[in-house]
Amino acid sequence: MSKLKSIIAVLPFAMKNLGRWRFRLLTIGLLVIMTANLSVLYQSMLLSQQNTGSLQAVQLELPYDLLVRLPEGATPKPLEALPAPLDPYDYGKGKSNIYTVLSKPMPFSHAENLLIYPCFSPYGTWEVWGIEQGSMFFTWDTLTGKAVNQIIPGEIILPKDYASRFGYRVGDTLSLAFFLNNNELNQVDFVVGGFLNTDNDLQKPLVLKEDLLKLTGNSPINAQLLACSEIRSHTTGLVRNMNKVYPGAEFIYPTMPTDRATEAIADIQSPAAWVIRLIYAFLGLGIMTIALVTFLERRKELAILKSIGLRFTQIVSLYLAEYGFVYFGGLIIGYIVLAFLLPYFHWSSQLTQNQLTSLMLNNALTTLGIFLLAVMYPILLSRAASVNQLVFARQIPLFTAKIDHLLRPKPEFLFREREENVRILQADSIDQKLSGAFLRHPGEHVKQGEVVVIQESWFGFRYREWIAPCDGTFTEYDIYTGVMVFTPDQPNAPKYPYPADILTTYDRRQVAFQSGQSNGSY
Amino acid sequence: MTQIDRGQQSIILETINLNKAFYLGEAVYAVNNVNLQIMAGEIAMIVGPSGSGKSTLLSLIGGLDRPISGDIKINGKSIVTLSEDQLALMRRKSIGYVFQFFNLIPHLSALENVELPMKITGANKKEARDRAEYLLNEVGLTSRAHHRPDQLSGGEQQRVAIARSLINKPAVVLADEPTGNLDSKTRDIVISLFQRFREIEKQTFVIITHDTGLTQYAQRVVRLRDGKIESVVTAS
């Protein structure tokens, strides 16, 4: 509770700063407003083009909700093994993504396995489907005019237009040839049992599955027909879920042309996404520049605040209150402005309210992430800096590592540590030059924990402090390798627990080398 | 960290083999193997020529900077291993700091500057305000309470800074050249303030000064040269 009170206590101070830096914070607000408008308008334009394109795509009329053409080697799964509706809270655990959460997978009510096989007919290559005898998906007319869905052995049901196209009639004999795996041709006569009695798309000649299995030498089942018990609204989510059960399969469903058109348009538009990224990049750069300049100007103020006991959580609250107020204000105003501007853009009428809301939400989340990243650097600097570094404008390393052991424990160093009872450090040395400063020199006595060498790297963002590993004498420094050797005052001074196998392997190689079994190479 | 005991003749502040070097392309030692003890309730002055390491020593004691080796103990507890957050807490509760150049927050009034250290602890607003008004009254600036720092003279700003350092009733007040930029009359006022608060609130003051004339007011005078202690003289 007291922590919460101390966080709230800095808010009045933050509010005073809003007035103090009103112009630069106004700049951030304007950036957020512009980003909100530009990105939503641009993305809505792209989305409306996708909508227009996909509207022109024709929906397929199919008797099934999903046809799965299995990849080679895959077997159809039973109904209960097909995807069940996912728990939205699985999002983030690798089980689903945001799209599958929004487009709930459909529970399947019925599944039929079938065999699809190519064959030669008098009129060219056909694809014949071997279906179950009492298939629920297909009905056809016979001479009696009665719709039937029970197929009998030796019978073939033809698509509706084959009567007019090829002149077939019920009772006619139709000869088909099937290529087998051993390149044998298996020719068989079927009797036309009827014609499919719907105007569905993608109609195929149908035979009994068992007939086709016998003719093709028991080819594996390679397709599955599925029916959903609910009306679906997001078939793309359906396919995504099915991809997990049947990776690499081909899916055919009624809205497939629409989805394919949307994907194709999105592919064409993908270079345009760089415009959005540039807009966000400008926002991020703008906020970061202003936040950084403000940090540099307020270094002394931060020093005073830290010297009177301001904690890190309070510093974070201060920054978030100052910049967050402007960010959220800018976002709200940006969307109000957008509401006035949108009617002037003709494509806005082609978007649904859901799509527009989704765009605005996306934009809000993205800009929030960019905003947090942009203010992170000044916050980290404020955290890392000591009071004097702030007061005297000294360099502020973001990371300071204190190292009292070998970072790359080579076997020869560990061997020497063991044999001579010394402790070894290895600083970074480039071209026989230590890029840093000695605080203690060879020959001097050092205390454990004392800084011996300071090195700066990453353009000053990182400091490495090499710490004396024991009370003792800093005996040696090798200019070529950066190795520092310390002789401990106490012979049994503690050693760093390096992995034991480094030295074990080295010892074995030494023994092998000395006994002539190895040429000494590593 | 617990509130520090005050008013006892015990060691309230101690440094052990304290070292501080700066990396400016090469290592520059500002504080070199300093061993120092300050007793509770005394006014200790650290004197020395410019560049002798006085300010650096005071910064290390106040936790405003980190030594490269050695220890600093405040009321027996080491502060060198504390994190920045823990140091901030320690400063909040136990240490008051008076900077050499006042370092008031320019857009806050004198009263707001004084009450700020208490407000950021989450303390009651009225309590903070009352304490700030009391302190401003003690330093003789009640009439200037609502003036901003740019509307105050140097001496007045320094008195506000002193009042701010005392708001949380710290056990130790560290003052870096508090009279360095003041005229002699204001200097005497400031010193008398230190003496008065030492009497009233039993605080320990560690003051850096290059003005050897002030040492008469101190119970302990530490002389620094080139980062090392040259001498320590205690008043009998």
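The values are calculated or read from the model by the stated rules, or taken from the named source; none is laboratory data. It should be emphasised that the depicted structure is a prediction, and the values quoted were computed from it without experimental measurement. Glycine gets a Cβ as well: all are built from the backbone with ideal geometry, and neighbour counts include every protein chain shown. Side chains included, ligands, DNA and RNA excluded: accessible areas come from the protein's heavy atoms. Shrake-Rupley method; radii C 1.70, N 1.55, O 1.52, S 1.80 Å.
Okay, here's what the table says:
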{"quantity": "One residue from A:Ser317, A:Ser386 being within 30 Å of B:Gln100 (Cα to Cα), buried (at least 21 other Cβ atoms within 10 Å of the Cβ) and in the same structural domain as A:Met34 (by TED's automatic domain parsing)", "calculated": "A:Ser317"}
{"quantity": "Given (1) surrounded by fewer than 19 Cβ atoms within 10 Å (Cβ to Cβ); (2) in contact (Cβ under 8 Å) with a residue 40 or more places away in the chain; (3) closer than 23 Å to A:Glu450 by Cβ; (4) polar (S, T, N, Q), number of the condition B:Ser52 does not satisfy", "calculated": "(1)"}
{"quantity": "Output for the stretch A:389-428, where each listed residue is within 14 Å of another protein chain (Cβ to nearest Cβ), surrounded by fewer than 15 Cβ atoms within 10 Å (Cβ to Cβ) and among the charged types (D, E, K, R)", "calculated": "A:Lys402"}
{"quantity": "So B:Lys73, is it open to solvent by 50 Å² or more (accessible area, probe 1.4 Å) and within 9 Å of chain A (Cβ to nearest Cβ)", "calculated": "no"}
{"quantity": "Unmet criterion (only one of (1) surrounded by fewer than 19 Cβ atoms within 10 Å (Cβ to Cβ); (2) farther than 16 Å from A:Phe413 by Cα) for A:Ile479", "calculated": "(2)"}
{"quantity": "So B:Glu42, is it in contact with a strand residue (DSSP E or B) (Cβ under 8 Å, 6 or more places away or on another chain), among the charged types (D, E, K, R) and either closer than 25 Å to A:Ser6 by Cα or open to solvent by less than 40 Å² (accessible area, probe 1.4 Å) (or both)", "calculated": "yes"}
{"quantity": "Test set (1) open to solvent by 10 Å² or more (accessible area, probe 1.4 Å); (2) assigned to a loop (DSSP other than H, G, I, E, B) - B:Glu133 fails condition number", "calculated": "(2)"}
{"quantity": "Members of the stretch B:1-31 that are of a type in the set (Gly, Ala, Ser), at pLDDT 70 or above and either touching a Cys at 6+ places or on another chain (Cβ under 9 Å) or surrounded by fewer than 16 Cβ atoms within 10 Å (Cβ to Cβ) (or both)", "calculated": "B:Ser10"}
{"quantity": "Residues of the stretch B:84-98 satisfying the condition of being within 9 Å of chain A (Cβ to nearest Cβ) and either hydroxyl-bearing (Ser, Thr, Tyr) or open to solvent by less than 20 Å² (accessible area, probe 1.4 Å) (or both)", "calculated": "B:Leu87, B:Ala88, B:Met90, B:Arg91, B:Ile95, B:Gly96, B:Tyr97"}
{"quantity": "Among the residues listed as A:Pro469, A:Pro488, the single one being in contact with a Gly (Cβ under 6 Å, 6 or more places away or on another chain) and surrounded by 18 or more Cβ atoms within 10 Å (Cβ to Cβ)", "calculated": "A:Pro488"}
{"quantity": "Check on A:Lys214, among the basic types (Lys, Arg) and surrounded by fewer than 17 Cβ atoms within 10 Å (Cβ to Cβ)", "calculated": "yes"}
{"quantity": "Verdict on B:Leu58 being in contact with a helix residue (DSSP H, G or I) (Cβ under 8 Å, 6 or more places away or on another chain) and touching a residue at least 24 places away in the same chain (Cβ under 8 Å)", "calculated": "no"}
{"quantity": "Restricting the stretch A:343-383 to residues that are under 30 Å from A:Leu296 (Cα atoms) and hydroxyl-bearing (Ser, Thr, Tyr), the residue that is surrounded by the fewest Cβ atoms within 10 Å (Cβ to Cβ)", "calculated": "A:Tyr377"}
{"quantity": "Residue ID - nearest to B:Ala171 (Cα to Cα), chosen from residues in the stretch B:206-219 that are outside any helix (DSSP H, G or I) and open to solvent by less than 30 Å² (accessible area, probe 1.4 Å)", "calculated": "B:Val206"}
{"quantity": "Residue list for the stretch B:43-70, filter: of a type in the set (Ser, Thr, Tyr) and more than 13 Å from chain A (Cβ to nearest Cβ)", "calculated": "B:Ser50, B:Ser52"}
{"quantity": "A:Ser175 vs. criteria surrounded by fewer than 14 Cβ atoms within 10 Å (Cβ to Cβ), over 52 Å from the mean Cα position of the chain (by Cα) and not in a strand (DSSP E or B)", "calculated": "no"}
{"quantity": "Only one of B:Ala163, B:Ala145, B:Ala128, B:Ala175 that is of a type outside the set (Asp, Glu) and more than 13 Å from chain A (Cβ to nearest Cβ)", "calculated": "B:Ala145"}
{"quantity": "Residues of the stretch A:438-463 classified as within 14 Å of A:Gln395 (Cβ to Cβ), at pLDDT 80 or above and within 12 Å of another protein chain (Cβ to nearest Cβ), total", "calculated": "4"}
{"quantity": "Residues (open to solvent by 40 Å² or more (accessible area, probe 1.4 Å), within 14 Å of chain B (Cβ to nearest Cβ) and not β-branched (Val, Ile, Thr)) located in the stretch A:8-63", "calculated": "A:Leu11, A:Pro12, A:Met15, A:Lys16, A:Arg20, A:Arg22"}
{"quantity": "Residue list for the stretch A:291-313, restricted to those being facing another protein chain (nearest Cβ under 7 Å), open to solvent by 40 Å² or more (accessible area, probe 1.4 Å) and not in a loop (DSSP other than H, G, I, E, B)", "calculated": "A:Lys300, A:Phe312"}
{"quantity": "Any pair with Cβ under 9 angstrom, 6 or more apart, that starts in the stretch A:348-373 at a residue that is in contact (Cβ under 8 Å) with a residue 40 or more places away in the chain and ends at one that is outside any helix (DSSP H, G or I)", "calculated": "A:Leu359/A:Leu351"}
{"quantity": "So A:Asp189, is it surrounded by fewer than 13 Cβ atoms within 10 Å (Cβ to Cβ), outside any strand (DSSP E or B) and among the acidic types (Asp, Glu)", "calculated": "no"}
{"quantity": "Matching residues, the stretch A:325-338, being in contact (Cβ under 8 Å) with a residue 40 or more places away in the chain and either open to solvent by less than 40 Å² (accessible area, probe 1.4 Å) or over 13 Å from A:Ile28 (Cα atoms) (or both)", "calculated": "A:Val326, A:Tyr327, A:Gly329, A:Gly330, A:Leu331, A:Gly334, A:Tyr335, A:Val337, A:Leu338"}
{"quantity": "Qualifying residue in the stretch A:198-217 (condition: closer than 22 Å to A:Gly134 by Cβ, among the acidic types (Asp, Glu) and in contact with a Phe, Trp or Tyr (Cβ under 7 Å, 6 or more places away or on another chain))", "calculated": "no"}
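This table checks each residue for (1) modelled with pLDDT of 90 or more; (2) closer than 21 Å to A:Val10 by Cβ.
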| residue | (1), (2) |
| --- | --- |
| B:Ala128 | yes, yes |
| B:Tyr134 | yes, no |
| B:Arg144 | yes, no |
| B:Gln151 | yes, no |
| B:Gly154 | no, no |
